[in-house]
Amino acid sequence: MKHSNRIPAITLAIGIGVLASGTFPAKASAAVDGKAVFDKSCSVCHSVAPPPKSAPPILPIAARYHQRFPSRAEGIKYMADFIKSPTKEKVLADPQAISRFGLMPPIPLSPAELNAVAAWVWDQYTGGSWGPGRGQGRGAGQGDCNPQ
Ligand code: HEC
């Protein structure tokens, strides 16, 4: 009647979470509040969840970053660089977003702010319904791609 082999999934999840946050080196220096930076510099264009304002919402973007990068540190680094100087080539979340919304302008922020806001965006995705394949969809059938 003993079930001692079963490690509760929640224990593992907490363990992994602690490990992941412990390995993120810039955390200690992040005196900047990522959410505050977002509200000030990003929220004019980005909503967090759909519907979009004038840019793709943050949740599907964050989900895509989680899919693309094996570690939080790498994802944040890439995103911080994108925010500082977006180019067409760097876009990875949603290439079609450029034709819908245009390319994002560079956002002038300090390295600490860039890092904090990228970390905040990354952390918005916690699994669940914004997984791969959901979100910004093709397939909605706009049908307006006739060459003029
Ligand atoms: C003037 C409007 C505007 C502002 C302000 C803005 N963005 Fe964007 N952002 C966009 C648009 C449009 C896109 C989609 C096209 C693209 O990827 O360039 C985008 C795309 C992104 C992406 C996806 C990049 C990828 O790899 O595909 C991220 C991440 C992002 N924004 C983060 C931010 C953050 C964080 C801020 C604030 C520091 C911010 N944006 C401020 C318009 C904006």
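We did not get these values from a lab; they are worked out from the coordinates using the rules stated. Since the model is a prediction, treat every value here as computed from it, not as a measurement. For neighbour counting, all protein chains shown are included, and Cβ atoms are generated from backbone atoms with ideal geometry for every residue, glycine included.
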Proxy reagent accessibility, fewest Cβ within 10 Å first, across 114, 103: 103, 114
Taking Lys and Arg as +1 and Asp and Glu as -1, residues besides residue 105 with C-beta under 14 Å from its C-beta add up to +3
Suppose R0 equals 22 Å. What FRET efficiency, 1/(1 + (r/R0)^6) with r the Cβ-Cβ distance, do residue 90 and residue 54 give to the nearest 0.05? 0.70
How would you rank 78, 125, going from fewest to most other Cβ atoms within 10 Å of each one's own Cβ? 78, 125
Can you give me the distance in nm between label points at residue 112 and residue 43, each placed 7 Å from the Cα along the Cα-to-Cβ direction? 2.2
For 121, 32, ascending order of other Cβ atoms within 10 Å (fewest first) is 32, 121
Based on the alpha-carbon gyration tensor of segment 33-124 and its eigenvalue square roots a ≥ b ≥ c, which shape applies: rounded if a/c is under 1.5, prolate if not and a/b is larger than b/c, or oblate? rounded
